[in-house]
Each structure stands twice: as C-alpha cells, then as structure tokens.
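Engineer: Here you go, one structure.
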Amino acid sequence: MEKLLVCSAAVYDPYSISSAYLLDNCLDKVKAGIEKYAGMIGAKNIMYLLPEGSDDHGLDNVRFCAPSPVMDNPYAIVQSLQGNLPRPMIQDDFKAVYEDQEVFVITPEVAYTLTGDSVKFVTVNKGGRAEVKPLAFGTKLSEACDAAGAKAVLIGGLKGQFILPDKLGDFVAGSDILSSSITVFGPETCMVVAVSQLMNQTWENSCGKCVLCRDGTYQVKTIMEDMPVGKSKAGDIDLLKDIAPLIRDGAYCPYGQNWPNTLLTAMDLFAAEFEAHTKKKSCPAGVCFQAGAIYIILPDKCTGCMDCEDACDYTAIMGKKGFIHMIDQDMCEHCGECVSSCDEEAIVKWEGKLPKLPKKLTRVGKF
C-alpha cells in the first residue's frame, strides 16, 4: 500500500498561530522538512491540509477543512477529507487509509525542525496582540515574554496549564505542547471569567467522539457560565474538581486528556476567587455582577408582606409574613417579577460586593 503524507496546518488552538506563521514566513524550510520526512517513511504523495479561508501559498495538492484540535490525528484527517466529523482513532496498530493510501501526518512545526534547526515558534498573546517568537530549544519561556506585573500566564493554550508569572522561567522551549504558546492575563483580569471563556472554547472544539469529553466539556462550561452571574451553587467547586480528573484520565485523545489541566491549575492557583464567586457572590477583581446579574432584598426596606414570594414562579424567594425575605440565588432566574411586585422598592439589582444580608429568617426590624 502506498503512503500519503499530510502536512496538517489545521490543528486548531485559539492561542497559537505558529502554523500560519511558518507557512507565511518559512515555507521553503517547511517544504524541505516535509520532503525529508516523506523520504524517511517512503511516502510518494504529499498533501497540504489548510484551514478554511486561508491562502493556498501556491502549494500543490491542497485541501481545506474546518480546523480542529484533533487534526494531527491520521484517522481524524481521513474523516474530514471524506466530509465527516474529524474524530480521532488512538490505537497503535490502526492504519488510517485514504484513497488506498496509508495516511501519515506532520505539522509545519515538526517539519521545520527536520531541517536541522531546533527552534520552537512560540505564540505570545499579550495586550490583545499575538506575536510569534522563535526560541532555540532549551531556552526559558521567560525570554519570550515579560510577564512582570501580570496576574496569570497560560502556557500551551487549550491543552496547557495556568502558572504564576514568576514561574515562566521554569519552563523551556521544546517539542512539548506547553511551549507552543504563552498567554498573559493582566492584573485586572477576573480569573473566573477567563476560565469560563476558556471552557466555552474547550466545549466548542470537542469533537464529541467520547462521552467523557463530549458531556464533560458541556457540564464544565455550564457550571463556569453560572459563576460570573451569581447563579453558581455551593458545591460547584467540588463538583468541578471531581469531574476534571475523570475526564483527564478517561478521555480518548490527547485533547481530552489535557484540557482539564487548564481548569484544575486555575482553580488551584486562584482558589480564593472561585470561592468568592460561589460562596459570597462577589468578584475580587470587580468585574462580575456589574451588569445587575443578581437580585437581592434589602433587609432594611423589606416589610415581610410576601408579595414577592407570591410573584415568583421559581420558588426562589424564602420568607413568611413579618419576616425579612431572602432570594435563593441558585433558584433565581432573574426574571424581575419580584421587583415589580414590591411596593417598598426593597428588591434591587446589585453590582459588586454584596451587602450584609440575613442567612436565616429574621423578623422585620431585627436585622
């Protein structure tokens, strides 16, 4: 059986643009590395797989596809070429076959190194800009980026991990995924919001083949979306800590096995921020709850009339006649019906840190 070597530049990670950079700036070396590898494995045919909407760079035998984190897997590539969802096959003795050819895969990054230059092209995301910097293998990542004064650094993108800025020098450029990108989060960042956005990207990019990753990304995304708007539950942090290792240990491919590390490392490094959002419904960074995300009942204005409790279709208001009422944030759907029902204007949308509120039924005037 003949062999087909596919150079895949469609391995997607929103935090790394090194493949596009190499095709734009180092195409001759990439092609030389591909040809060298083709000779090593005895591949007679070469195909270039590029993201939809990109330039073909004047290459021969080019195909375009939707980018995906699993597009470095031969079987996923074959599925994509056949018009199916790009789902991987991780099995040592499995051969992916396309048009009677056994498929092998190389990325532009690996192809470049085969020319003899041990260089890692690191994407640095900082201040809203993405810049690719070449680092010799073994160079500390701190040489590529000044993270002084930052709050956190994500290395490796969707399949990476969070570290504190002063730890960037502990990691070096190499063939591993962690040195593919550096993303700097400034001191003003709410890490709960940052992780929520990251988990949404993770869910969007799951191929959906294995249950753990497919359902796990959705569950994690949903839990994280609740935190910045005051709807998280007391046990959500523990639930995330239970879910993530299960996905990491049981997922089918490297994508599913690695993305939980981004969540777990963030929760470990910024535990206080996560707890503030879930237990206190407050945001230490002053970012969340700024859009009137939650309703509260002001204890000094509540008369205990029960009108709001009657108006709530979600049984989110607790109270009884003559007692200060309370809103269960886990049950509240933010419909606003309670606000309209309160003649005392005791129910308001609240921004920022919550005031002191009763935690148990308290008689009006006694709090």
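Engineer: ASN45: surrounded by fewer than 22 Cβ atoms within 10 Å (Cβ to Cβ) and over 22 Å from GLY208 (Cα atoms), yes or no? Spell out how you get there, then give the answer.
Structural biologist: Details: surrounded by fewer than 22 Cβ atoms within 10 Å (Cβ to Cβ): yes; over 22 Å from GLY208 (Cα atoms): yes.
Criteria met by ASN45.
Engineer: So, in segment 10-20, how many residues would count as being open to solvent by 10 Å² or more (accessible area, probe 1.4 Å) and either in contact with a Lys or Arg (Cβ under 9 Å, 6 or more places away or on another chain) or not in a helix (DSSP H, G or I) (or both)?
Structural biologist: First, pick out the residues of segment 10-20 that are open to solvent by 10 Å² or more (accessible area, probe 1.4 Å): 11-17, 19-20.
Then keep just the ones that are either in contact with a Lys or Arg (Cβ under 9 Å, 6 or more places away or on another chain) or not in a helix (DSSP H, G or I) (or both); that gives 11-17.
Selection size over segment 10-20: 7.
Engineer: For segment 318-336, which positions are closer than 26 Å to GLY235 by Cα, free of Cβ contacts under 8 Å to residues at least 40 places away in the same chain and either of a type outside the set (A, V, I, L, M, F, W, C) or crowded, with 17+ Cβ neighbours inside 10 Å (or both)?
Structural biologist: Across segment 318-336, the qualifying residues are HIS325, MET326, ILE327, ASP328, GLU333.
Engineer: Hand me the list of strands (runs of 3 or more DSSP E) wholly inside segment 98-187 holding 1 or more residues that are touching a residue at least 40 places away in the same chain (Cβ under 8 Å) and open to solvent by 30 Å² or more (accessible area, probe 1.4 Å).
Structural biologist: Details: elements: 101-106, 119-126, 129-136, 152-155, 161-163, 181-185.
Answer list for segment 98-187: 101-106, 119-126, 129-136, 161-163.
Engineer: In segment 228-244, what residues are open to solvent by less than 30 Å² (accessible area, probe 1.4 Å) and over 15 Å from the mean Cα position of the chain (by Cα)? Before the answer, list the steps.
Structural biologist: Initially, segment 228-244 is screened for residues open to solvent by less than 30 Å² (accessible area, probe 1.4 Å), giving 228, 230, 232, 236-237, 240, 243-244.
Once the filter is applied, which keeps residues that are open to solvent by less than 30 Å² (accessible area, probe 1.4 Å) and over 15 Å from the mean Cα position of the chain (by Cα), segment 228-244 yields PRO228, GLY230, SER232, ASP236, ILE237, ILE243.
Engineer: Restrict the check to segment 204-217 and report whether at least one residue is aliphatic (A, V, I, L, M), within 16 Å of GLN161 (Cβ to Cβ) and in contact (Cβ under 8 Å) with a residue 40 or more places away in the chain.
Structural biologist: First pass over segment 204-217, keeping only residues aliphatic (A, V, I, L, M): 211-212.
Of the ones still in play, those that are also within 16 Å of GLN161 (Cβ to Cβ) are none.
No: segment 204-217 contains no residue that is aliphatic (A, V, I, L, M), within 16 Å of GLN161 (Cβ to Cβ) and in contact (Cβ under 8 Å) with a residue 40 or more places away in the chain.
Engineer: Test each condition in (1) at pLDDT 90 or above; (2) farther than 30 Å from ASP166 by Cα; (3) β-branched (Val, Ile, Thr); (4) open to solvent by less than 30 Å² (accessible area, probe 1.4 Å) for VAL339 and report the one that comes out false.
Structural biologist: Unmet condition: (4).
Engineer: Still on this structure: Please find, within segment 53-90, the residue that is farthest from CYS7 (Cα to Cα) out of those that are touching a residue at least 24 places away in the same chain (Cβ under 8 Å) and among the β-branched types (Val, Ile, Thr).
Structural biologist: Step by step, filter segment 53-90, then rank; the result is ILE90.
Engineer: With respect to ALA66, is the statement that it is open to solvent by less than 60 Å² (accessible area, probe 1.4 Å), within 30 Å of VAL184 (Cα to Cα) and touching a strand residue (DSSP E or B) at 6+ places or on another chain (Cβ under 9 Å) true?
Structural biologist: Numbers: open to solvent by less than 60 Å² (accessible area, probe 1.4 Å): yes; within 30 Å of VAL184 (Cα to Cα): yes; touching a strand residue (DSSP E or B) at 6+ places or on another chain (Cβ under 9 Å): yes.
Answer is yes for this residue.
Engineer: Mind checking which pairs have a first residue in segment 269-286 that is in a helix (DSSP H, G or I) and a second that is at pLDDT 95 or above and open to solvent by 60 Å² or more (accessible area, probe 1.4 Å), Cβ under 9 Å, 6 or more apart or different chains?
Structural biologist: Pairs found: LEU269/LEU164.
The values are calculated or read from the model by the stated rules, or taken from the named source; none is laboratory data. Keep in mind the model is a prediction, meaning the values are calculated, not measured. Glycine also receives a Cβ, built like all others from the backbone with ideal geometry; neighbour counts cover every protein chain displayed. These accessible areas exclude ligands, DNA and RNA; they are computed on the full protein's heavy atoms, side chains included. Shrake-Rupley method; radii C 1.70, N 1.55, O 1.52, S 1.80 Å.
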